[in-house]
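Engineer: Shown below is the structure under consideration.
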Amino acid sequence: MKVLGYTQAHALDAFSLRLMELPDPIPTGCEVLVEVKAIGLNPIDYKIRSRRSGTGGQPVVLGWDAAGVVRACGNGVTHFKVGDEVFYSGDLNRAGCYASSQLVDERLVALKPENLSFAEAAALPLTSLTAYEMLFEKMRLIGPDRQTVLIIGGAGGVGSQAIQLLKVKTSMTVIATASRPDSKQWVARLGADHVVSHQNFVQEIRALGMQFVDFIFSTTHSGQHWTNMAEIIAPFGEIGLIDDADGLDISLLKRKAVSIHWELMFTKSMFGYLMESQGKILYEVKDLIESGRMRTTANRILNGLTAENLRVGHTMLEQHTNVGKVIVALSPNGQ
């Protein structure tokens, strides 16, 4: 099989992914072998690239967001068959989807939405799982209460899914941060009730007549926004974090007795904990997509599994210029 891999951790300005040939993997147990049709790019890709090197002469293969076709099944697989069209995120401790084929545990997989192309479906798994687990497993926001939630980074992949999931599953008032005209339009189309700037969200939220917000889901640059988050969060409020926010002064939250949640959607697969729940979440997302209540967040498709396309995609992610998700399609337009 073909993979885009590398051997030594490196920065963007030394980008060195290259096309390689590796033996075709053989599924065992509850593994399925998927022919990858499209790949969703995520910040975790460049973070791993910058700090993980290959071992034992094996390259690092990035990528943990994909859609494709099942080509073989291990003898323990019970939910899929050859020919099924699927989407999934996968396991951070295994080889990723920058490849023509990938092995993945069936518990992490779901049939892809029938009304989406492979490219459109590949935009969804990692961000949907991250947003769902934070909002509904950690914060437990399902219910009729009309409280307020602030999404920091509303136009990114996770923020985009968080807005949609909140609007279809809760009665929450959703406030999202966005600053560029295109990102403001994007989050408004996804259903955000209010759009405020990254830089001045405290003042702008209070101008809307709200002294505090009940929940904050910060998806990016949490360290930069920490003081403002501590100011706008309500007493006994809750803050959810997913980025690598080093050096946060949590004592700022003591006066208001604020709770903090960390979310990493790879924790379940890394520790073998409730892995089947991720397949179930993806089936719920599939139903919401097929019913028209949610939409794909794919917004830029790069055609071809090439080092140049991955360099372009990683540049967009690291420079935070993307709105929604960047996709690499292995076939034209990811059909």
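The values are calculated or read from the model by the stated rules, or taken from the named source; none is laboratory data. Everything numeric in this text was worked out from a predicted model, so none of it was measured. For neighbour counting, all protein chains shown are included, and Cβ atoms are generated from backbone atoms with ideal geometry for every residue, glycine included. Ligands, DNA and RNA are excluded from the accessible area calculation, which covers all protein heavy atoms including side chains. Shrake-Rupley method; radii C 1.70, N 1.55, O 1.52, S 1.80 Å.
Engineer: Taking 0.36 nm per residue of sequence separation and subtracting the Cα-Cα distance, how much length would be gained by fully extending the chain between ALA14 and THR28, in nm to one decimal? Please list the in-between numbers first.
Structural biologist: Numbers: separation 14, 0.36 × 14 = 5.04 nm, distance 3.67 nm.
Taking 0.36 nm per residue and subtracting the Cα distance, the gain is 1.4 nm.
Engineer: Might you tell me the accessible area per residue for the chain, computed with a 1.4 Å probe and given in Å²? The partial results should precede the final answer.
Structural biologist: On the way: 13960 Å² over 335 residues.
Averaged over the residues of the chain, the accessible area is 42 Å².
Engineer: Excluding same-chain residues fewer than 8 positions from LYS268, which lysines have a Cα within less than 19 Å of its Cα?
Structural biologist: Qualifying lysines at Cα under 19 Å: LYS138, LYS280.
Engineer: Right, another one. When the accessible area of the stretch 167-281 is split by element with a 1.4 Å probe, what percent falls to carbon and sulfur?
Structural biologist: Details: 2970 of 5600 Å².
With neighbouring chains kept in place, the figure for the stretch 167-281 is 53 percent.
Engineer: Given a Förster distance of 25 Å, report the FRET efficiency between GLU21 and GLN319 from their Cβ-Cβ distance, rounded to the nearest 0.05. It would help to have the intermediate numbers written out before the result.
Structural biologist: Details: r = 32 Å, r/R0 = 1.27.
Result of the calculation: an efficiency of 0.20.
Engineer: Based on DSSP, what percent of beta bridges with both residues in the stretch 131-262 are antiparallel, to the nearest 5?
Structural biologist: Working: 0 of 21 bridges.
Roughly 0 percent of the beta bridges in the stretch 131-262 run antiparallel, per DSSP.
Engineer: To continue, here is another question. What angle, in degrees between 0 and 90 and rounded to the nearest 10, separates the Cα long axis of helix 181-190 from the longest principal axis of the Cα atoms of the chain?
Structural biologist: Result, in degrees: 90.
Engineer: Ranking request for peptides 267-273, 118-124, 58-64: highest mean number of other beta-carbon atoms within 10 Å first, then the rest in descending order.
Structural biologist: Packing proxy ranking, top to bottom: 118-124, 58-64, 267-273.
Engineer: Need one word for the stretch 147-205: rounded, prolate or oblate. Basis is the Cα gyration tensor (sqrt eigenvalues a ≥ b ≥ c); a/c below 1.5 gives rounded, then a/b vs b/c decides. Intermediate results must be reported in sequence, preceding the final value.
Structural biologist: On the way: a/c = 1.95, a/b = 1.25, b/c = 1.56.
Oblate is the answer for the stretch 147-205, as a/c is 1.5 or above yet b/c matches or exceeds a/b.
Engineer: Here is a follow-up. Please state the equivalent ellipsoid semi-axes for the stretch 1-101: what are the square roots of 5 times the Cα gyration tensor eigenvalues, largest first, in whole Å? Present the calculation step by step, with values, prior to reporting the outcome.
Structural biologist: Values: eigenvalues 131, 38, 27 Å².
In descending order, the three semi-axes are 26, 14, 12 Å.
Engineer: Does anyone have the angle between helix 222-232 and the longest principal axis of the chain? Alpha-carbon axes, 0 to 90°, nearest 10?
Structural biologist: Computed tilt is about 30 degrees.
Engineer: Only bridges with both residues in the chain count here: give the DSSP antiparallel percent, nearest 5. Provide the component values of the computation, followed by the final result.
Structural biologist: On the way: 29 of 55 bridges.
Of the beta bridges lying entirely in the chain, close to 55 percent run antiparallel.
Engineer: What is the magnitude of the charge dipole of the chain about its Cα centre, with +1 placed on the Cβ of each Lys and Arg, -1 on the Cβ of each Asp and Glu, and no other charges, expressed in debye to the nearest 20? Could you put the intermediate results ahead of the total?
Structural biologist: Working: 32 positive and 34 negative charges, 74 e Å.
In debye, rounded to 20, the chain gives about 360.
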